[in-house]
Every structure is written in structure tokens, then in C-alpha cells.
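Inspection log for the structure reproduced underneath, given as C-alpha cells.
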Amino acid sequence: MKYDFDKLIDRRGTSTYKHEFSQYYFGSDDILPLWVADMDFETPDFIMDEVIKRANHRVLGYTVPSRTMNNIIAEWIERNHNWKIHTSWIKFMSGVLPSIAVALQTFSSEGDNVIIQSPIYPPFISIPKANKRNVVFNQLKRVGNSYEMDLDDFRKKAKKGASVFIMSNPHNPAGIVWERETLKEVAEICHAYNILVISDEIHCDLVHPGHEHIPFATVSKKAREISITLMAPSKTFNIAGLGVSFCVVPDLKLRKKFYDALNALHIAHSNMFAYIGLMEAFKNGDDWLKQLKIYLRGNFALALDYINRNIPLVKPFDAKASFLLWLDFTDMGLNSKDLRKLMIEEGKIGMNNGADFGPGGEGFQRLNVGAPRTVIEDALRRIEKAVNNRGL
Ligand SMILES: Cc1ncc(COP(=O)(O)O)c(C=O)c1O
């Protein structure tokens with residue numbers, strides 16, 4: 001079956017995050033919102049049909065996941081990421097972010113250092129701060145139009161003492177697929193200095209054709225002993241509105257401590273549609289996902305080509321995963337506030353502000369290309385217009 005990713009769907013009037021918060025985040029509703037990290041594509045039929053069927057049953061009482069759910073998750077991970085896990089390692093959660101928050105509360109104390117690698121998805125900064133942890137930035141190193149980890153700096157910061165390292169694998173916002181050797185070195189360092197690794201792998205199913213996601217816990221025995229992996233079908237199948245994710249913790253001691261904490265809070269569950277979404281996605285999603293990745297790659301190709309030809313002041317990063325395009329506007333010589341104002345007022349385009357991603361993010365914007373191609377073409381024209389009107 002051929003899926004239609006070109007179909008335009010008006011999401012306004014459905015309490016969509018990106019529309020509801022436009023006024024708050026950009027000070028305007030008159031923008032093309034390509035910021036929040038979900039996609040504008042239809043959630044696939046093999047999920048929708050089951051959700052609708054369940055709703056039509058008309059009794060929305062307490063519901064538990066199917067007994068086969070953990071098997072389906074384990075099969076998906078083995079099939080897609082070559083990682084053989086035991087079903088007892090899995091725990092369902094409504095979201096990756098609450099799992100990060102509980103892991104921080106369980107494995108660190110107020111005032112402890114928490115290492116993150118900026119520029120980074122903003123909640124990696126705000127969640128430790130909200131929990132009164134001390135955020136230590138191990139800034140990524142620019143290499144061409146991508147980043148590498150600065151492992152010397154990482155080692156120094158680890159040696160000074162930290163309880164937790166939160167890693168985005170693949171990396172949001174730059175779409176980096178971390179290599180095995182890099183992950184191995186991270187494991188060596190964190191093991192040596194007794195640092196828990198929270199490996200947020202929410203974008204892992206969206207690694208582009210020709211690239212391979214490497215789950216952190218698979219790179220070595222040490223990695224497996226010190227890590228909590230967080231995954232979800234929410235980005236992959238555009239079901240973030242259902243509240244669906246899961247944790248995988250191979251190490252028995254870590255697992256017991258973490259899952260006891262989740263149980264104590266009674267939060268390791270969600271709603272009936274979340275369970276259906278996860279099951280149907282992982283049972284039936286292979287072909288849809290294959291086509292989606294090809295479509296997304298087409299969007300990246302279009303954006304990179306357009307920007308390189310028409311907006312040479314902007315440097316697009318070369319993402320190898322997911323649907324986020326990290327754009328470097330630093331050659332324009334504007335501060336973050338003026339750049340943001342220019343994009344909103346002249347371009348009427350709503351992207352995430354790079355400065356929110358911590359040190360190294362200033363002068364950048366993050367464009368979501370998980371939308372029909374005509375929308376991306378429109379976005380690119382708006383960015384071009386804004387850059388051309390910079391002197392006005
Ligand atoms: C790296 C990363 N982690 C977590 C999340 C959010 O996860 P959840 O909605 O499951 O809490 C996002 C969403 O953009 C993300 O990019």
C-alpha cells in the first residue's frame with residue numbers, strides 16, 4: 001500500500017499544541033508553526049481503525065495493556081535495533097519526560113551535578129533545574145554542519161563528580177546518530193565515575209535510510225550496567241497525543257530501584273488508546289515507517305538544496321535521524337532576540353529558538369520538516385524572505 005504524506009490536514013481547532021501555544025511562544029497566531037516536535041501527517045489507518053473501534057464500544061472504563069504488549073515491544077526492538085531484550089526489563093510509561101524526572105529524583109539528590117550536551121532539547125535543561133539539580137553543560141563540538149561529543153571535556157566534568165548524564169540518542173536538535181565508539185567511550189567514563197546514563201532514544205525509529213541507531217545499552221557490559229533507556233512510538237507514528245512510552249532497564253539493581261520509584265508514584269500507566277496505539281504501531285508499522293522515512297529524507301533533501309542555493313547565509317545541519325532541521329543563522333550577525341523577531345515578523349514562520357537549547361544554540365533555529373512537502377516549500381520561502389528583509 002502507498003501512503004499519502006502529501007495530504008494537507010488543518011490541525012487548528014483541535015487543541016493542537018503548536019497552534020494553541022503560538023500566541024504565547026511567538027506573540028502571534030499569524031505564523032506557519034513548524035516548531036513542536038510532532039508531525040502534520042495523518043496517524044496511520046492501522047492505528048486509527050483500532051482506536052475508533054475501541055471508542056465505538058462505548059464503555060471507557062479502567063483498561064490495562066494487553067498481556068502480549070511487552071512481547072510486541074521486545075520483538076520491535078530486536079527487529080529494528082538488533083537488541084535482544086527480556087520482557088521483564090520493560091515498563092510502560094505515559095511519557096519519556098516523566099521517566100527522566102523520576103530517574104533524576106531516584107538517582108540523584110538536590111544540588112548534584114547532572115551533565116547534558118548542549119545545544120539540547122530544552123527539557124533536558126529545565127527538568128534538572130526544576131528538581132534543584134545543578135546543570136553541567138558539556139557543549140558539543142562543531143564539525144562541519146554537525147556536532148561531535150567533546151569527550152575530553154566530558155571526562156573532566158565527569159571526574160569532578162556528577163550523578164546523572166542525560167543523553168539524546170539520536171540527538172535532538174541536530175539529528176545526530178551517535179557512533180558505537182563514541183557511546184563506548186561515554187560508557188567507560190560514566191562507569192568509572194559512577195554516573196547513571198539516561199539514554200533518551202525517543203527518535204531512534206526515525207533514523208534515516210542508510211544509517212543505524214545503536215542503543216546505548218548494547219555497546220558494552222559497562223553501558224548495560226549503568227543505563228536506563230527510554231523509547232516510544234509517539235514520534236515515529238505521530239501518536240504523541242496518546243501519552244505513550246516505555247523504559248528498558250537491563251540491570252537488575254537499577255531496574256528494581258527505578259521501577260520501585262515509578263510504582264510508588266503509581267504513574268506507570270496511560271489510557272486505553274495509548275496501549276492500542278503502541279500495539280498496532282509495533283505490529284503493523286514496518287511498511288508505513290519505511291515510506292515515512294523516505295518521504296522525510298525527501299523533505300530534508302529539498303530543504304538543504306533550497307537553502308544552499310537561495311539562502312547561503314543560513315547553514316543547514318545534516319540530520320541523519322528524525323524530522324528536525326537545525327539551522328545556523330550565525331553568519332547573519334544577529335543576536336538571538338533580533339533573529340527570532342525577524343523570523344516571526346518578516347518571515348511569519350514559527351521555529352524553535354536556538355537560544356532555548358542552551359550554550360551553543362544562540363543564533364540557531366529549529367525547523368520541523370515533518371509536514372507535507374508543500375508546507376516545507378512555503379516555510380523555506382518564508383525563511384528566505386525574512387533573511388532578505390533583514391535590513392528593513
Ligand atoms: C529527545 C526528546 N525526548 C523526549 C521528548 C518528549 O517525550 P514525551 O512526550 O514522551 O514526554 C521529546 C519531544 O520532542 C524529545 O525530542
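Taking the options Val64, Val51, Val96, name whichever one is more than 30 Å from Asn368 (Cα to Cα) and of a type in the set (Val, Ile, Thr).
Val64
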- [ ] Go through Ile90, Ile72, Ile116, Ile85 for me and flag whichever is touching a strand residue (DSSP E or B) at 6+ places or on another chain (Cβ under 8 Å), more than 16 Å from the ligand (Cβ to nearest atom), assigned by TED's automatic domain parsing to the domain that holds Met279 and β-branched (Val, Ile, Thr).
- [x] Ile85
Open item on the list: Out of the helices (runs of 4 or more DSSP H) lying entirely within the stretch 90-201, which hold 3 or more residues that are under 20 Å from Thr229 (Cβ atoms) and out of contact with any Gly (no Cβ under 7 Å at 6 or more places or on another chain)?
Closed with: 96-107, 123-130, 180-192
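Can Met39 be described as closer than 20 Å to Phe323 by Cβ and of a type in the set (A, V, I, L, M)? Steps first, answer last, please.
Working: closer than 20 Å to Phe323 by Cβ: yes; of a type in the set (A, V, I, L, M): yes.
Spelling it out, Met39 is indeed closer than 20 Å to Phe323 by Cβ and of a type in the set (A, V, I, L, M).
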Open item on the list: So for the stretch 244-264 (the condition being of a type outside the set (A, V, I, L, M, F, W, C), within 13 Å of the ligand (Cβ to nearest atom) and in contact (Cβ under 8 Å) with a residue 60 or more places away in the chain), does at least one residue qualify?
Closed with: yes
Open item on the list: Which of the numbered conditions does Asn145 fail, given that it passes all the others? Conditions: (1) touching a Phe, Trp or Tyr at 6+ places or on another chain (Cβ under 6 Å); (2) of a type outside the set (Lys, Arg); (3) crowded, with 21+ Cβ neighbours inside 10 Å; (4) under 28 Å from Leu206 (Cβ atoms).
Closed with: (3)
Open item on the list: Can you list residue pairs whose Cβ atoms sit under 6 Å apart, with the first residue in the stretch 211-240 being modelled with pLDDT of 95 or more and aliphatic (A, V, I, L, M) and the second being away from the ligand (no atom under 16 Å from the Cβ) and in a loop (DSSP other than H, G, I, E, B)? Count only pairs 6 or more apart in sequence or on different chains.
Closed with: Ala217/Pro250; Ile228/Val249
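The values are calculated or read from the model by the stated rules, or taken from the named source; none is laboratory data. Keep in mind it's a predicted model, so treat the numbers as computed, not measured. Glycine gets a Cβ as well: all are built from the backbone with ideal geometry, and neighbour counts include every protein chain shown.
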